[in-house]
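Participant: Sharing a structure with you now.
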Amino acid sequence: MTLLLIILFPLLGAALPAVAVRWGRNASAGAAAGVTAIPLALLLFETPRVLAGGTIEAGWRWVPAIGLDLTFRLDGLGFLFALLILGIGLLVILYARYYLSQRDPVGRFYVFLLLFMGAMLGIVLSDNLLLLLVFWELTSLSSFLLIGYWKHHADARQGARMALAITGGGGLALLAGVLLLGHIVGSFELPVVLRSRELIQGSPLYLPMLTLILLGAFTKSAQFPFHFWLPHAMSAPTPVSAYLHSATMVKAGVFLLARLYPVLSGSDAWFYLVSGTGLVTLVFAAYVAMFKHDLKGLLAYSTISHLGLIMLLFGLSTPLAAVAGVFHIINHATFKASLFMAAGIIDHESGSRDMRRLNGLWKYMPHTATLAMVAAASMAGVPLFNGFLSKEMFFTEALELHQTGTLWWIVPAAATLAGVFAVAYSLRFIHDVFFNGEPVDLPRTPHEPPRWMKVPVEILVVLCLLVGIFPAYTVAPLLNVAAGSVLGGPLPEFDLAIWHGFTFPLLMSVVALSGGVLVYFALQYRFNLHMIVQSPSPGRRFYNRGLAWLTGLSEIVTGGLQNGSLQRYLALLVTVILLAGAFPFWQLGWYSGSRSPGMMDGGSGVAWLLLVVSAACTVIWHRQRLLALVFVGVTGLMVSLIFVRFSAPDLALTQILVEVVSIILLLLALYLLPQTTPRESSVTRRMRDAGLAVAAGLGAAGLVWAVLTRPQDTISGFFLEQSVPGGGGSNVVNVILVDFRGFDTFGEIIVLAIAALGIYAMIGGLRVERPALDPARRPWAADSHPLLLRVASRILLPLALMVSVYLLLRGHNEPGGGFIAGLVTAVALITQYLASGIAWTEARLRLDHQRMIGIGVLIAALTGVASWFFGAPFLTSAFAHWHLPVLGELPLASAMIFDLGVYLTVVATTMLMLVTLGKIGAREEV
Amino acid sequence: MSAMSAMLLEILVSLFLLASAFFTLAGSIGLARLPDFYTRLHGPTKATTLGVGGMLVASVLYFSARGEWLSLNELLITMFLFITAPISAYLLAQAALHLRVRDVSGGADKSKHPGQ
């Protein structure tokens, strides 16, 4: 329960800062801090158990059918990450309070930040890979919102889109990879997966699975060649950069590798892919970082480089390298978050982030400068600071490498080179900003920030020092349990000391330090660093070109399919239906069953003949629109008579009512349209359409024949038997609609609702000038609402409503039901509109159709949800027969409430469609 | 129910059905055979309405005798029919006048335009 609370506090509490912002910025920040502090306290409460090596697990079933369950675990690794997320989160909330200006919407910032925090906690505490993936995507989304926080800046929007596209694309690859992994293991539960090392590594799917999972991890952790989104994400407010893009989110990829380390690592593919990518990223990004003039740009590339370092460590697959990887995660989070915050302070108090203009700030902000220097020294790997310790471990492991054979020197050499670059850019951060002459043309005079803005930086810097000087007393227990849960076995022997004697790694550190100092001063004074301008990264160009290509492609496809010609859409739809329908026939052969469909009686014969004739007449006179409409009406009437003939009163009622509604609909449309259809299509086009129509008709006939002649062993027998005992109603059609196949109906009313809202969205508010004369150039009748019609329709209304209520109530046992009753009500109401006009009716009938649609769908959904409270699946119906003293037996089924939802939705959708259409041509009421 | 009253009921129902069939047929023939729009309107709106009414009375009698309760659904249908049929006829006639549909003597043209 604690675990769920830890995740839910930020996720659900995210709303609080938005509410609290009414009482000021402090209240908003306070609310956010409170929502963070409680789960932090909960987490710290579990410290003894976790440090003792215990794992806390909790779980609830969610969607067991696909292996997705709400299972959580808190082990050493999860504890370490949760501590980073909540601890640094708290500091960032405090920092952001002073960083954001008066004009920024503070509440929204904290909402997004807390959402991100909850999602990130979800990743590190998930015990189910699919659940982890859900949270993974949530971090991508909340990161998108945070990067785009200053939405009025174009680069913020572009950066947010780019980050979402890259990490989202990686998320898709990860999804595929996790599905493969689940397929190999047969479960998505981490404990099961972590026990199946041999199974996974022996599987032929290992390599594709590994590649896909690594794609997800590399994109999230900004590894080469996907790194370019991270520098662009720097258009986010600096607290976001400090939190997401250095300490937490970009570590998600690394975290995932650490999580799956016990089962995925050790293979050659793992070694070459992970450490290769890590190595390239490490050196490349460190090199680029030296030439960035933007403070945050430098830090971004340095972050990419350090993430590459951690990747490389996990790729090496030795236990000690994994320990070093975990250690560096901690160290990097502390020093990089503090550096970002320091950069934010400099930006905030001087108005610039450009190192060509920021010089000599030591005089103006010595306190901040000291803090930044400590953090930068840690980043460079100077002894006595925490960065030195993990870097030393990294050098040691680089030397221990055996897989590379005679090329053993490559990794140590690259590591030293990256170390040189790291020292150079760290030195630049300090020297260029705080010394190196006087500031150039700054927007404002720099000064120290408010007291509390420095506190988060101070806390982090003190941590850097404590870990760097007394590692064994501070970080050792946490590192032990975290590394222990990464390795999933015994820890290797290691010594967290500053001094190991004169060793080769120490020599590498010395080379890196002195080389870095040399490189920086050479660049600054010999090559005039400030004049060097880098071209934009090729990755970004590639991304933009790819994006343009995709946009072009989708434009071509969409333009080809949707050129605005309704005829084309119809032809395409019919063709697709034909092909889909023809496929089984082509595959299984022509089907004709043994059963004789029976002889046609005289009455049916006449009806059939009328049906054929009216359909043919519709085709022949389709250019005379009103005439065609009359024939369509005849066709509909015949169809409903055929339903009566086959004892389907519900269908017949529905058919007749739909017929009425659609005639009104078409008449409303015809009122504004030409009365005849001009000849526009060529002969070949008409031949094509005729061919399609004939083929579709023959196909339908073939299907009907196949159904009529197959031996009768359908499901209808089951429905007939189960209707009363299972559904509590004797009208089988209605019981099927609201009970047996209630979920279908639920989907259908939602489709109806969406269609009506779509119509409203498209033509609501559209006004067309009513033609002054009718098509034959005669004036309209002056009395558009005849008195007799008005009076009669008002007498009819209560009667019709009574009928519809009657149909609704008896629907479960006799012909009727929500759908039919809804249509009756709608027709009765529409009659009022027709008889008395829109203005008159709307003044008296104040129905908010959109809201009514929502209420209807909600009632149906809540009826379905209600069955959960009785431990039954969605939409299980319950029924009872009550005996009342006067009224006699009263059958009640929960399905009737569902039917009420259907009724309301049908009434509102029909009304909304017709009224919207009717308003287009309505003239001002007299 | 005794055999006697059963037979009486059947005779009564049959009479109503026959009468309704007659009026419906007459209405239909009228619709097909009468010379102009205005006279044709009589067929479906008057004769046929009466025919359907007869059928509904027969239905009331039959189902009331069979069940425990008086069958009143048909009365409601009758009401709907008797309200809507004249209104339809009225609207159709008004539309015809507005459109100046000629009668058998060619008279409607001369009358004052009702729509103006």
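Matching residues to (1) over 21 Å from A:TYR272 (Cα atoms); (2) part of a helix (DSSP H, G or I); (3) of a type outside the set (A, V, I, L, M):
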| site | (1), (2), (3) |
| --- | --- |
| A:SER378 | yes, yes, yes |
| A:GLY387 | yes, yes, yes |
| A:GLU392 | yes, yes, yes |
| A:PHE395 | no, yes, yes |
| A:ALA398 | no, yes, no |
| A:LEU401 | no, no, no |
| A:THR406 | no, yes, yes |
| A:PRO412 | no, yes, yes |
| A:ALA415 | no, yes, no |
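Participant: I need a count of the residues in the range A:587-615 that are surrounded by 10 or more Cβ atoms within 10 Å (Cβ to Cβ) and part of a helix (DSSP H, G or I).
Facilitator: 13
Participant: Can B:PHE22 be described as modelled with pLDDT of 90 or more, surrounded by 15 or more Cβ atoms within 10 Å (Cβ to Cβ) and more than 25 Å from A:LEU801 (Cα to Cα)? Break it down into steps so the answer makes sense when it comes.
Facilitator: Working: modelled with pLDDT of 90 or more: yes; surrounded by 15 or more Cβ atoms within 10 Å (Cβ to Cβ): no; more than 25 Å from A:LEU801 (Cα to Cα): yes.
Against the criterion (modelled with pLDDT of 90 or more, surrounded by 15 or more Cβ atoms within 10 Å (Cβ to Cβ) and more than 25 Å from A:LEU801 (Cα to Cα)), B:PHE22 does not qualify.
Participant: Taking the options A:SER614, A:SER592, name whichever one is among the hydroxyl-bearing types (Ser, Thr, Tyr) and out of contact with any Leu (no Cβ under 9 Å at 6 or more places or on another chain). Let's see the steps before the verdict.
Facilitator: On the way: A:SER614 fails: out of contact with any Leu (no Cβ under 9 Å at 6 or more places or on another chain).
The match here is A:SER592.
Participant: Something else: Mind checking which residues of the range A:771-788 are part of a strand (DSSP E or B) and either more than 8 Å from chain B (Cβ to nearest Cβ) or under 21 Å from A:LYS919 (Cβ atoms) (or both)? Quick ask: steps written out before the conclusion?
Facilitator: As a first pass, look at the range A:771-788 and keep what is part of a strand (DSSP E or B): A:773, A:779.
Matches in the range A:771-788: A:LEU773 only.
Participant: What residue, of A:VAL768, A:VAL791, is part of a helix (DSSP H, G or I), more than 7 Å from chain B (Cβ to nearest Cβ) and β-branched (Val, Ile, Thr)?
Facilitator: Working: A:VAL768 fails: part of a helix (DSSP H, G or I).
Result of the check over A:VAL768, A:VAL791: A:VAL791.
Participant: Scan the range A:808-854 for residues that are assigned to a helix (DSSP H, G or I) and either small (Gly, Ala, Ser) or outside the structural domain of A:ILE920 (by TED's automatic domain parsing) (or both) and jot them down.
Facilitator: Step one: of the range A:808-854, the residues assigned to a helix (DSSP H, G or I) are A:808-810, A:818-836, A:838-844, A:849-854.
Scanning the range A:808-854 gives A:GLY818, A:ALA821, A:GLY822, A:ALA826, A:ALA828, A:ALA835, A:SER836, A:ALA839, A:ALA843, A:GLY854.
Participant: Still on this model: Of all residues in the range B:76-88 being over 13 Å from B:PRO44 (Cα atoms) and at the interface with chain A (Cβ under 9 Å from one of its Cβ atoms), which is farthest from the chain's Cα centre (by Cα)?
Facilitator: Pass one, the range B:76-88, residues over 13 Å from B:PRO44 (Cα atoms): B:76-80, B:83.
The next check asks that each one be at the interface with chain A (Cβ under 9 Å from one of its Cβ atoms); those that pass are B:76, B:79-80, B:83.
Details: B:LEU76: 15, B:MET79: 12, B:PHE80: 12, B:ILE83: 11 Å.
Once the filter is applied, the top-ranked residue is B:LEU76.
Participant: Of the conditions (1) free of Cβ contacts under 8 Å to residues at least 40 places away in the same chain; (2) over 30 Å from A:LEU692 (Cα atoms); (3) not polar (S, T, N, Q), A:HIS530 clears all except one; give me its number.
Facilitator: (1)
Participant: Within 17 Å of A:ILE123 (Cα to Cα) and among the hydrophobic types (A, V, I, L, M, F, W, C): which single residue out of A:LEU91, A:LEU74, A:LEU51 fits that description?
Facilitator: Numbers: A:LEU91 fails: within 17 Å of A:ILE123 (Cα to Cα); A:LEU51 fails: within 17 Å of A:ILE123 (Cα to Cα).
On inspection, the qualifying residue turns out to be A:LEU74.
Participant: A further question follows. Quick check on my filter: what residues within the range A:794-816 are farther than 30 Å from A:VAL724 by Cα and either touching a Gly at 6+ places or on another chain (Cβ under 9 Å) or within 10 Å of chain B (Cβ to nearest Cβ) (or both)?
Facilitator: Of all residues in the range A:794-816, those farther than 30 Å from A:VAL724 by Cα come to A:794-799.
If the condition is that a residue be farther than 30 Å from A:VAL724 by Cα and either touching a Gly at 6+ places or on another chain (Cβ under 9 Å) or within 10 Å of chain B (Cβ to nearest Cβ) (or both), then A:ILE795, A:LEU796, A:LEU799 are the ones that fit.
Participant: Need the failing condition index for A:ARG49 against (1) of a type in the set (Lys, Arg); (2) touching a strand residue (DSSP E or B) at 6+ places or on another chain (Cβ under 7 Å); (3) at pLDDT 90 or above, just the number.
Facilitator: Unmet condition: (3).
Participant: When you check B:ALA21 against the structure, is it touching a helix residue (DSSP H, G or I) at 6+ places or on another chain (Cβ under 8 Å), more than 30 Å from A:PRO786 (Cβ to Cβ) and away from every other protein chain (no Cβ under 14 Å), yes or no? I'd like the intermediate steps shown before the answer.
Facilitator: On the way: touching a helix residue (DSSP H, G or I) at 6+ places or on another chain (Cβ under 8 Å): yes; more than 30 Å from A:PRO786 (Cβ to Cβ): yes; away from every other protein chain (no Cβ under 14 Å): yes.
So B:ALA21 passes the test.
Participant: To continue, here is another question. Identify all residues within the range A:194-227 that are among the aliphatic types (A, V, I, L, M) and either in a helix (DSSP H, G or I) or surrounded by 15 or more Cβ atoms within 10 Å (Cβ to Cβ) (or both); write none if there are none. Write out each step before concluding.
Facilitator: Of the residues in the range A:194-227, the ones among the aliphatic types (A, V, I, L, M) are A:194, A:199-200, A:205, A:207, A:209-210, A:212-215, A:217, A:222.
Listed by number, the residues that qualify are A:LEU194, A:LEU199, A:ILE200, A:LEU207, A:MET209, A:LEU210, A:LEU212, A:ILE213, A:LEU214, A:LEU215, A:ALA217, A:ALA222.
Participant: Now a separate question. Any chance the range B:89-98 includes a residue that's in contact with a Ser or Thr (Cβ under 7 Å, 6 or more places away or on another chain), within 11 Å of chain A (Cβ to nearest Cβ) and at pLDDT 85 or above? So that I can check it myself, show each step before the final result.
Facilitator: Taking the range B:89-98 and keeping what is in contact with a Ser or Thr (Cβ under 7 Å, 6 or more places away or on another chain), we get B:89.
Right, trim to within 11 Å of chain A (Cβ to nearest Cβ) and you get B:89.
If we keep only those that are at pLDDT 85 or above too, we end up with B:89.
Yes - at least one qualifying residue is present in the range B:89-98.
The values are calculated or read from the model by the stated rules, or taken from the named source; none is laboratory data. Keep in mind the model is a prediction, meaning the values are calculated, not measured. All Cβ positions, even for glycine, are placed from backbone atoms using ideal geometry, and neighbour counts span all protein chains on display.
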